[in-house]
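Colleague: Pasting a structure below so you can have a look.
The values are calculated or read from the model by the stated rules, or taken from the named source; none is laboratory data. In this text the structure is predicted, and so the values were computed from the model without any measurement. Virtual Cβ from ideal backbone geometry, glycine too; neighbours counted across all protein chains shown. SASA here: full protein model, heavy atoms, side chains in, ligands and nucleic acids out. Shrake-Rupley method; radii C 1.70, N 1.55, O 1.52, S 1.80 Å.
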Amino acid sequence: MTIPNYGDKYDSPALFSAPTRSTGRVAISGPKFQTPSSSPISGTSSRRYWRSVRAIRSRSFGTSRFIPSTNTSASVGGFSIGAPATGTVAENLIAAGAEVLCIVGSGGTLQQDIEPIDAVIADRAIRDEGVSYHYLPPEKDATPSLELTDRLEARFEDSEVTTHRGTTWTTSAFYRETVAEIERYAEDGVVSVEMEAAALFAVAEFRGVDAAAVFDIGDLLTEEEWDSGVGYENLQPKLLDPAIAALHDLLGVDG
């Protein structure tokens, strides 16, 4: 396996370019990502974690911050955008004692039957970024914890948000999401495109902790057009409670 994952990429036009991509949203975040772009949720049964979290806050990557939730077994904070930031935040959380990590983020969908008010639960990540190759051999898929993903899906079945479980495409170059790639991955049933999942899954597997990811729909990509998602509802606040509950389930902690 090589990067980019799609071999005929270089002669294929991108679906959008920087001038069109940067309209309608805050420039520092980029149009696919609402601010904050994603939230890490981490869980642990160790009290040492809470002492360590305070130390991480002063040395965290980019704009990431970590704050305890109302329950003593989970924390919620903001990831910076992209695989390198995600990998760094994950490493810091794991070093602080976190045993379970979950991204609650925003991504695009490649499937026209997925509604903007839906969410995606990733059960496999196409590794089209670079971070995961420093943690896993190139022939191996980046996959989340099956048990945590199952618990995440179960919790969302009881929520107001409709979810779709499937493969996500993690790329580090959203201005080079090409028409050919989008068409191919859509035909293969890939449900979403984002910039973090493969990195999180790889770090978590390497470090021996559980990880999962759920994304709201930030935009729609087809081979014919790009719907920037301006005006889509930000579902991330509605995703937090089911995600935290899934972490509690895995850890055996009451919510």
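Colleague: From the list S37, S106, S42, exactly one residue is closer than 24 Å to T162 by Cα, modelled with pLDDT under 50 and buried (at least 24 other Cβ atoms within 10 Å of the Cβ). Which is it?
Modeller: Values: S106 fails: modelled with pLDDT under 50; S42 fails: modelled with pLDDT under 50.
One residue alone meets the criteria, S37.
Colleague: Here are the criteria: (1) over 15 Å from V214 (Cα atoms); (2) modelled with pLDDT of 95 or more; (3) open to solvent by 30 Å² or more (accessible area, probe 1.4 Å). Tell me which single one A95 does not satisfy.
Modeller: That leaves (2) as the condition not met.
Colleague: Quick check on region 119-144: of everything there that is assigned to a strand (DSSP E or B) and without any contact (Cβ under 8 Å) to a residue 60 or more places away in the chain, which residue is most open to solvent (accessible area, probe 1.4 Å)?
Modeller: To start, the set of residues in region 119-144 that are assigned to a strand (DSSP E or B) comprises 119-128, 142.
From what's left, without any contact (Cβ under 8 Å) to a residue 60 or more places away in the chain: 123-124.
Values: D123: 55, R124: 80 Å².
The qualifying residue most open to solvent (accessible area, probe 1.4 Å) is R124.
Colleague: Another question, if that's okay. Does S159 fit the bill of being surrounded by fewer than 21 Cβ atoms within 10 Å (Cβ to Cβ) and small (G, A, S)?
Modeller: Working: surrounded by fewer than 21 Cβ atoms within 10 Å (Cβ to Cβ): yes; small (G, A, S): yes.
Against the criterion (surrounded by fewer than 21 Cβ atoms within 10 Å (Cβ to Cβ) and small (G, A, S)), S159 qualifies.
Colleague: Continuing with the same structure: How many residues are of a type outside the set (D, E, K, R) and either open to solvent by 50 Å² or more (accessible area, probe 1.4 Å) or in contact with a Cys (Cβ under 8 Å, 6 or more places away or on another chain) (or both) if we restrict to region 227-255?
Modeller: Of all residues in region 227-255, those of a type outside the set (D, E, K, R) come to 228-232, 234-237, 239-240, 242-248, 250-253, 255.
Narrowing the set further to residues that are either open to solvent by 50 Å² or more (accessible area, probe 1.4 Å) or in contact with a Cys (Cβ under 8 Å, 6 or more places away or on another chain) (or both) leaves 230-231, 234, 237, 243, 246-247, 252, 255.
The number of residues fulfilling the criteria is 9.
Colleague: Continuing with the same structure: Quick one: is E147 modelled with pLDDT of 95 or more, surrounded by fewer than 23 Cβ atoms within 10 Å (Cβ to Cβ), outside any strand (DSSP E or B) and under 17 Å from the mean Cα position of the chain (by Cα)? Working first, answer last.
Modeller: On the way: modelled with pLDDT of 95 or more: yes; surrounded by fewer than 23 Cβ atoms within 10 Å (Cβ to Cβ): yes; outside any strand (DSSP E or B): yes; under 17 Å from the mean Cα position of the chain (by Cα): no.
Answer is no for this residue.
Colleague: Go through region 185-214 and count every residue that is among the aliphatic types (A, V, I, L, M), in contact with a helix residue (DSSP H, G or I) (Cβ under 8 Å, 6 or more places away or on another chain) and open to solvent by 20 Å² or more (accessible area, probe 1.4 Å). Spell out how you get there, then give the answer.
Modeller: Filtering region 185-214 for residues among the aliphatic types (A, V, I, L, M) gives 186, 190-191, 193, 195, 197-200, 202-204, 209, 211-214.
Add one more test, that the residue is in contact with a helix residue (DSSP H, G or I) (Cβ under 8 Å, 6 or more places away or on another chain), and what stays is 193, 195, 198-200, 202-204, 209, 211-214.
From the residues that got through so far, the ones that are open to solvent by 20 Å² or more (accessible area, probe 1.4 Å) too are 209.
Result for region 185-214: 1.
Colleague: Still on this structure, I have one more. Looking only at residues in region 215-226 that are among the hydrophobic types (A, V, I, L, M, F, W, C) and farther than 26 Å from T88 by Cα, which one is most open to solvent (accessible area, probe 1.4 Å)? Break it down into steps so the answer makes sense when it comes.
Modeller: Within region 215-226, the first condition is being among the hydrophobic types (A, V, I, L, M, F, W, C), and the residues that meet it are 215, 217, 220-221, 226.
Of the ones still in play, those that are also farther than 26 Å from T88 by Cα are 220-221, 226.
Working: L220: 34, L221: 0, W226: 50 Å².
Ranking the candidates gives W226 first.
Colleague: Name every residue in region 153-165 that is out of contact with any helix residue (DSSP H, G or I) (no Cβ under 7 Å at 6 or more places or on another chain) and either among the basic types (K, R) or in a helix (DSSP H, G or I) (or both), in order of residue number.
Modeller: Keep residues of region 153-165 that are out of contact with any helix residue (DSSP H, G or I) (no Cβ under 7 Å at 6 or more places or on another chain), which gives 153-154, 157-158, 162, 164.
Residues satisfying the conditions are E153, A154, E157.
Colleague: Among the residues of region 167-187, how many are touching a strand residue (DSSP E or B) at 6+ places or on another chain (Cβ under 7 Å) and of a type outside the set (S, T, N, Q)?
Modeller: Result for region 167-187: 6.
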